[in-house]
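Input: a single structure, listed below in structure tokens.
The values are calculated or read from the model by the stated rules, or taken from the named source; none is laboratory data. All figures in this text were calculated on a predicted structure; none of them were measured in a lab. A quick note on method: Cβ atoms are made from the backbone with ideal geometry, for glycine too, and the neighbour counts reach across all protein chains shown. The area values use the complete protein model at the heavy-atom level, side chains included, leaving out ligands, DNA and RNA. Shrake-Rupley method; radii C 1.70, N 1.55, O 1.52, S 1.80 Å.
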Amino acid sequence: QVRLVDSGGGLVQAGGSLRLSCAASGRTFSRDTMGWFRQAPAKEREFVIAISWSGDTTYYADSVKGRFTISRDNAKNTVYLQMNNLEPEDTAVYYCAAGPPSSSGSYYPADYDYWGQGTQVTVSS
């Protein structure tokens, strides 16, 4: 069974940092595009950041560029999201996602095949 497990969310004050992890199991995801999406209450799921299968190319939403960094460790089948300078507007459930190499750079959830269960990030002012 293919599974992605997100972890690392929590409650932080504005300006703080969190590091999210997404561990994949069931098969290797080394050839997949890996990304993070987030969904706030009463809002649509939105693209945050993604990384190509090779790790050579990253894609950022304008709202997080310069603050969030994505990385992957294919040997561990794990992807990370380092979030710095968090703002209250970043409050959401964060989901990791995996898609084929052709999904690289996609903002659309439909282009990703597997999803983590979500981890809550809450940023207080």
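Being touching a strand residue (DSSP E or B) at 6+ places or on another chain (Cβ under 8 Å), open to solvent by 10 Å² or more (accessible area, probe 1.4 Å) and not in a strand (DSSP E or B) is not true of residue 66.
Out of (1) closer than 20 Å to residue 103 by Cβ; (2) assigned to a loop (DSSP other than H, G, I, E, B), the odd one out for residue 20 is which? Going through (1) closer than 20 Å to residue 103 by Cβ; (2) assigned to a loop (DSSP other than H, G, I, E, B) one by one, residue 20 breaks only (2). Kindly check whether there is at least one residue in the range 55-64 that is within 11 Å of the chain's Cα centre (by Cα), at pLDDT 95 or above and within 15 Å of residue 20 (Cβ to Cβ). Within the range 55-64 (the criterion being within 11 Å of the chain's Cα centre (by Cα), at pLDDT 95 or above and within 15 Å of residue 20 (Cβ to Cβ)), the answer is no, since none of the residues qualifies. Restricting attention to the range 70-101, the residues that are over 16 Å from residue 6 (Cα atoms) and free of Cβ contacts under 8 Å to residues at least 24 places away in the same chain add up to 1.
Within the range 4-43, the set of residues being over 19 Å from residue 53 (Cβ atoms), in contact with a Phe, Trp or Tyr (Cβ under 9 Å, 6 or more places away or on another chain) and not hydrophobic (A, V, I, L, M, F, W, C) comprises 6, 8, 9, 19, 38, 39. Checked across the range 41-61, the condition of being assigned to a strand (DSSP E or B), open to solvent by less than 20 Å² (accessible area, probe 1.4 Å), among the hydroxyl-bearing types (Ser, Thr, Tyr) and over 15 Å from residue 120 (Cα atoms) holds for no residue.
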